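The values are calculated or read from the model by the stated rules, or taken from the named source; none is laboratory data. These numbers were taken from a predicted model, which means no experiment stands behind them. Here the Cβ is made from the backbone with ideal geometry for all residues, glycine too, and neighbour counts use every protein chain on show.
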Amino acid sequence: MPVVKRLLAAVIAPVMALVAAVLITSVVISVSGTSPVDFWQAMLEKPSNRSLVNIVNQSSMIFMSAVAAAIGFRMNLFNIGVEGQYRVASYVAAVFAGAAFVSGWLNVVLSLLLAMLAGAAWAAIPAILRVTRGVSEVISTIMLNSIAVFGVGWLLSNYGEKAGDGRRTTPISDDSLLAGWQPFERTDGKIWSLTVLAVLVGVTYWFVVNRTRFGFDLRATGQSETAAVASGISVKRMIVISMMLSGATAGLIWLPSLFAETASGHYFSSSTFQVQLGFTGIAVALLGRNKAVGMVFGALLFAYLSVQASALEFAGLDVSKNVVMVIQGVVVLTIVISYEVVGRWRTAAEQRAVTAALQSPSKQEVPA
Amino acid sequence: MSSMAATPAGEASSHRPLAIQVRGVTKRFPGVVANHDVDLDIAEGTVHALIGENGAGKSTLMKILYGVQKADEGTISVNGQEVSFSSPTEAIKAGIGMVFQHFMLADNLTVLENVVLGAEKLHGIGPAARAEIQRISDAYGFALDPDELVEHLGVGQRQRVEILKVLYRGAKIVILDEPTAVLVPQEVDALFANLRELRASGHTMLFISHKLDEVRAIADDITVLRRGTTVGTADPKTATKRELAELMVGAELPSPETEESTVTTDVQLSMVDVNLVDDFGRNLLSGINLTIHRGEVLGLAGVEGNGQDELLETLIGIRRGTGSITVGGVEVSSYSTRRRREAGMGFIPADRHRHGLLLDAPLWENRILGHQTTAPSVTGPLVNRRGAKADTQRIVDLYDVRTPSINTPARALSGGNQQKLIIGREMSGDPVLLIAAHPTRGVDVGAQAAIWGHIKRARREGLAVLLVSADLDELIGLSDRIKVILRGEIVGDFDPRNVTPQDLGQAMTGGKGD
Amino acid sequence: MSVATTAQAPAAPARKKRRSPAMWLLIVAAVIAVISLVRIVTGTHELDSPGSLTAAITATCPILLAALGGLWAERAGVVNIGLEGQMILGTWGAAYFTYWYDPYTGIIGAIALGAVGGLIHAIATVSFGVNHIVSGVAINLIGLGLASFLAEAFFADLNSEHGRGGPRQLTGLAKPDTITIPGFSDWMADLAAKHWFFISDVASLLAALSTNLSVVTILVFVLLIATVWILWHTSFGLRLRSCGENPHAAESLGINVYRYKYAAVIASGAFAGLGGGFLALVSSSGYSEGQTNGRGYIGLAAMIFGNWRPGGILLGSGMFGYTDSLRLRDASTVHALLLLVAIALAVYAVVQWRQGARTTAMVVAGGAALFLLWFALTDEVPRDFTSMTPYVLTLLVLAFASQRLRMPKADGLVYRKGSVG
């Protein structure tokens, strides 16, 4: 295939999806009585410096969530449980960091490791249920998400310290907080130090999936379980390992915010903990086709959308910032549909090509 | 080979009107011509057998008759009327019913529900339908309880449900696709009793099979299909099994010539009393004993579905049987598939799309598949992209894989070229034992000779090969010894130097000749 | 010719023996007796007071509706984890149409919005072959976002005698009518208040059913019966179920599989939407953000717990609904429930033992002992634990009874036309 044609094939599906998503969102917006033109103008306005900082911070968390989901997707495992895994892991890390068994950066490092362990352990439950009892990971992770909500809620209300109406974990002492970088004015906020985690996670993901034997086994299992088995891959083992890796990655999602000096609170509570990142991550993984680079763009896009939407009220538009969730959901649907459609076109084109080749007698093959 | 083509159809049925007449039907698929110039006459009120080797085009023909697929050329007449079905619904309306080899039943529904499904207008779904099912079941001795869940039924009963479905819709013409393939002998007898009842009540049946004994027991007429076309008809009362086998198997291609024997006395593979049972407790393999020496090709002949696939999969470790398997003197039966491959076992699977390739991955990644732990694909825990690509290029050149590049996804290649890639891959890394199923299936004639050459060269260098092939000429030409497998058991041992395809065909179908 | 295997067909599992209606009555009576005993022994009459049972029935309905929605879709082979999103759409629709018209239009609005959610799921999964889970996740995102977006757009400025709005709520809406059987209702309530063994418990249930029973609640149970009738006693239902079991078989018999899948998934969304409407109009008096609180997922859990069968679904929804209603009750009632659970487990252990499943029986008996210990050593059960119950229970059922679960065979598989044979 010529380069141009190949490029076109790669771009056509996302473009179709985005166009459809914009159209559908515009309809929704106009139903609410706001002009879609005004809406998109406000959304596409150059973000303020403060917004830019927010976009970077948010996209780092979304990206790690996307990678966590993608590790499973690459193997045809539907880890819907990222949401619960990062909740459990964040709580565990916050408790540990707050307890200050060690101080300074060591506290941060150990908390990160503990978060990964906790996420992996929570993810191991559905993995083990799947390989030993044949329980679908979709259902078990959905159940575990809710169990995580109430379980962590119970721990918090029984062992957390009182703060106002609610409860929280012990705040992290100042010596374990990370300053971050200040790209603009002081009032524009800082880029959290642990956003580098996202870079590390992304590079590691790309390297492991594309360059290692383990990554090859992972992709092979996802593409064809039967061929994987015939090639000597132990699929059960792969399920447990990849599920736990997914959970370990999920464990990191919220930690950039937890350890950031500039974030709202240095503890885990119902007001500081950012929910829904797990589902956003699934959406971004689908959007980026589980590819590291694709997910970077997806995470930036989704972070951009939510940050810009939060600023809508300042732009004088009477539109709920929740419209972002609509856009995100619609993008996911349109992207998977358009990839499906493009895939069917491609298969049809291939078959035509083969039939054409068959008609030239020199290439005729012996019937099977 | 069409010496019998002129034989008139059996006397008993020659004066009857034709239920089905097929003329010049041709059907092409991307990559293959499945049927060409098929002619078929089926007399009313008879059991007509359509026989042929696996891959001869029987399934395609019957799908065309049932409206699942459309013929590209040719005509079909039912009861003298020319028809053109575009869906099974139309075939059902014309009085044709089909009993699929893989039953089309919903397990969690009752017999009654399965039968009335899609034909609720006939007798509703209540008492009237139940009475009608009971009537048919009694009339033909099916002994089915309409309210039993299908998942509780055995294989023979399920088949009767399928037949009942067809009769319930008032079909007078019933197509049975290899109905005995899944049955044990007692069940076959019961089925034949049912079929005779049906014939007595005026039904016409097209019976597809490759088991000659069964065909001669039940059929009134026989039509033989080979390589996609009808090559002759025969009268089951006069035709011998030998003649039928000859028609089915044929012998057209140039045979690969075996060179002088390179068989050594070192045992490379030894299987002792290997057994395998399926989920239902049926024996898939029973008491398999095999030995292959270094430099020896052992051919395994058998009609498809008699345990070849299972034997190969047990050897490579995808299925777990009981008994002992040693390779080069080392017991490997407890090894995982990966360890077996690391021990030097190469595997050319029968179904290359399911077991041999990652269709959407580039060729060089497919080169790694199955060799994830050995050079040049990997170095330590890392994939060696350069090494894998270089070696893929070597395979592409050496095995003449026609591809624009080694970055092309495997799906884009034709079947023959995919096969050449797999063979190149499995022959690399100096395997000590090659387990090969149909190595030249779907490969053009030139490449076929090349693949034979590669196998012979490796054999000279001491490779032991277990070769399964439906192409008997290939088996005879390449093998040092040939064993025949039937219903999961080794039933015969032949010397390829003095065996004919006809002898093998008889052993494969369980006959001793007339 | 060598006679090969003589292996017979697998031993068919013994047919489930059907219990007679009299037998069922006996079982129900025994259950009531046990509950009554526990109530009297622990002195927690709130366990099944008319008030508790009314709350339990109200809490059961939305879960039951979501579960029925799941049943419709999955019986046709489509997994619908978008139930939660469709339910949320239902809550908004109910509030909007009730405010501007009346509660009955509100109910229709809830159904319609849920059905739209179902339609989207059908288009994605059936026509385009999108993975069912992916589509469901997207629909949950859309439902959640759309409802709160639309609420802010349409409810923020409402304030009249029809209801009071806000960016996140619309409350004070008119409710659908309720039915009280005069005389009988009071009589039963009096009887229940006597705390007699058995009689008071039965009276309590009758009092709950005859006092302020919403017509929508009646509709829910009518729909349950209608589902049983349609899916198991009509040719439409037969075809629909065949699409979930073996769509290729259905296609080979000339059935348009797509059409039935569409019908099923749209109906599924409609049920979930009605569930949302119930939450908004019967359980409370209006829309508020987050009020579904994962009930779509609980419905899914109830459906699995009920083994994809209406009877089991009713039982599962009832149990989950009862525990849901307990969150609002005092902690001592929940505590008394521990004893009930312990007894139930002990009975189950005995049943298992008699059926020969010794290991299972031992495990279950151990569980019973633990619950008994829990009951003896503590005074209350944390609210979070009660909330967690449906999920943990479903996980346990999946882990330990998965062999007994029988989901439709082609459930969740992408089907494409023209692949017969």
Take the residues in segment B:161-186 that are part of a helix (DSSP H, G or I) and modelled with pLDDT under 90; name whichever of them is nearest to the other protein chains (Cβ to nearest Cβ). B:PRO185
Among the residues of segment B:25-60, how many are under 16 Å from the mean Cα position of the chain (by Cα), within 14 Å of chain A (Cβ to nearest Cβ) and either modelled with pLDDT of 90 or more or under 25 Å from B:GLN502 (Cα atoms) (or both)? 9
Where in segment A:129-236 are the helices (runs of 4 or more DSSP H), entirely inside, with at least 1 residues that are more than 14 Å from chain B (Cβ to nearest Cβ)? A:137-159, A:195-211
Quick one: is B:ILE125 over 30 Å from B:HIS210 (Cβ atoms) and either surrounded by 16 or more Cβ atoms within 10 Å (Cβ to Cβ) or touching a residue at least 24 places away in the same chain (Cβ under 8 Å) (or both)? yes
Given the criterion surrounded by fewer than 24 Cβ atoms within 10 Å (Cβ to Cβ) and in contact with a Pro (Cβ under 9 Å, 6 or more places away or on another chain), identify the matching residue among A:GLY316, A:GLY294. A:GLY294
Considering only residues that are out of contact with any helix residue (DSSP H, G or I) (no Cβ under 7 Å at 6 or more places or on another chain), surrounded by 16 or more Cβ atoms within 10 Å (Cβ to Cβ) and either more than 14 Å from chain B (Cβ to nearest Cβ) or at pLDDT 85 or above (or both), which ones fall in segment C:1-57? C:LEU37, C:ILE40, C:GLY51
Here's a check for you: in segment C:132-151, which residue that is within 15 Å of C:LEU413 (Cβ to Cβ) and at the interface with chain A (Cβ under 7 Å from one of its Cβ atoms) is surrounded by the most Cβ atoms within 10 Å (Cβ to Cβ)? C:SER135
Counting only residues that are within 20 Å of the chain's Cα centre (by Cα) and on the phi > 0 side of the Ramachandran plot, segment C:207-250 contains a total of 0
Considering only residues that are modelled with pLDDT of 90 or more and farther than 17 Å from A:PHE207 by Cα, which ones fall in segment B:372-387? B:GLY387
Within the bounds of segment B:363-385, is there any residue that is surrounded by fewer than 24 Cβ atoms within 10 Å (Cβ to Cβ), within 30 Å of the chain's Cα centre (by Cα) and not in a helix (DSSP H, G or I)? yes
Of the residues in segment A:267-293, those that are small (Gly, Ala, Ser), more than 10 Å from A:GLU83 (Cα to Cα) and either part of a loop (DSSP other than H, G, I, E, B) or within 14 Å of chain C (Cβ to nearest Cβ) (or both) number 5
Please state which one of C:ALA342, C:ALA365 is at pLDDT 85 or above and over 30 Å from A:GLY84 (Cβ atoms). C:ALA365
Here, helices (runs of 4 or more DSSP H) confined to segment C:242-314 with at least 1 residues that are more than 14 Å from chain B (Cβ to nearest Cβ) and among the charged types (D, E, K, R) are C:257-278, C:295-305
Could you say whether any residue in segment B:400-408 is at the interface with another protein chain (Cβ under 8 Å from one of its Cβ atoms) and either exposed (fewer than 15 other Cβ atoms within 10 Å of the Cβ) or at positive phi (or both)? no
Taking segment B:440-499 on its own, how many of its residues are touching a helix residue (DSSP H, G or I) at 6+ places or on another chain (Cβ under 6 Å), of a type in the set (Gly, Ala, Ser) and assigned to a loop (DSSP other than H, G, I, E, B)? 3
Kindly establish whether C:PRO62 is touching a residue at least 60 places away in the same chain (Cβ under 8 Å) and either under 16 Å from the mean Cα position of the chain (by Cα) or surrounded by fewer than 20 Cβ atoms within 10 Å (Cβ to Cβ) (or both). yes
Segment A:1-51, residues that are of a type outside the set (A, V, I, L, M, F, W, C) and within 27 Å of C:VAL116 (Cβ to Cβ): A:PRO14, A:THR25, A:SER26, A:SER30, A:SER32, A:GLY33, A:THR34, A:SER35, A:PRO36, A:ASP38
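Quick check, is A:LEU194 closer than 28 Å to A:LEU245 by Cβ, free of Cβ contacts under 8 Å to residues at least 12 places away in the same chain and out of contact with any Asp or Glu (no Cβ under 7 Å at 6 or more places or on another chain)?
Here the answer is no, as A:LEU194 does not meet what is asked.
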Would you point out the residue of segment C:153-165, among those that are touching a helix residue (DSSP H, G or I) at 6+ places or on another chain (Cβ under 9 Å) and within 12 Å of chain A (Cβ to nearest Cβ), that is surrounded by the most Cβ atoms within 10 Å (Cβ to Cβ)? C:PHE155
Checklist (1) among the aliphatic types (A, V, I, L, M); (2) free of Cβ contacts under 8 Å to residues at least 60 places away in the same chain; (3) away from chain A (no Cβ under 14 Å) applied to C:VAL334, failing item: (3)
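Mind listing just one residue for me: the one in segment B:280-308 that is within 14 Å of chain C (Cβ to nearest Cβ) and of a type in the set (A, V, I, L, M, F, W, C) and, of those, farthest from B:HIS438 (Cα to Cα)?
Filtering segment B:280-308 for residues that are within 14 Å of chain C (Cβ to nearest Cβ) and of a type in the set (A, V, I, L, M, F, W, C), the one farthest from B:HIS438 (Cα to Cα) comes out as B:PHE280.
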Residues that are in contact with a strand residue (DSSP E or B) (Cβ under 9 Å, 6 or more places away or on another chain), under 18 Å from B:VAL432 (Cα atoms) and facing chain A (nearest Cβ under 9 Å), drawn from segment B:337-391: B:THR337, B:ARG340, B:ARG341, B:PHE347, B:PRO349, B:GLY370, B:HIS371, B:GLN372
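Please count how many residues of segment C:348-384 are in contact (Cβ under 8 Å) with a residue 40 or more places away in the chain and more than 21 Å from C:ILE304 (Cα to Cα). Working first, answer last.
Step one: filter segment C:348-384 for residues in contact (Cβ under 8 Å) with a residue 40 or more places away in the chain, giving C:360, C:375, C:378-381, C:383.
Remaining after also requiring more than 21 Å from C:ILE304 (Cα to Cα): C:375, C:378-381, C:383.
Qualifying residue count, segment C:348-384: 6.
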Can you tell me how many residues in segment B:131-157 are within 11 Å of chain C (Cβ to nearest Cβ), in a helix (DSSP H, G or I) and modelled with pLDDT under 90? 5
Would you confirm whether or not segment C:351-371 contains a residue that is among the charged types (D, E, K, R), in a helix (DSSP H, G or I) and touching a Leu at 6+ places or on another chain (Cβ under 9 Å)? no
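Does any residue of segment B:416-438 turn out to be touching a helix residue (DSSP H, G or I) at 6+ places or on another chain (Cβ under 7 Å) and at the interface with chain A (Cβ under 9 Å from one of its Cβ atoms)?
Among the residues of segment B:416-438, at least one is touching a helix residue (DSSP H, G or I) at 6+ places or on another chain (Cβ under 7 Å) and at the interface with chain A (Cβ under 9 Å from one of its Cβ atoms), which makes the answer yes.
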Considering C:LEU231, C:LEU209, which residue is part of a helix (DSSP H, G or I), of a type in the set (A, V, I, L, M) and within 14 Å of chain B (Cβ to nearest Cβ)? C:LEU231
Failed condition for A:VAL319, given (1) under 27 Å from A:LEU200 (Cβ atoms); (2) assigned to a loop (DSSP other than H, G, I, E, B); (3) within 14 Å of another protein chain (Cβ to nearest Cβ); (4) of a type in the set (Val, Ile, Thr): (1)
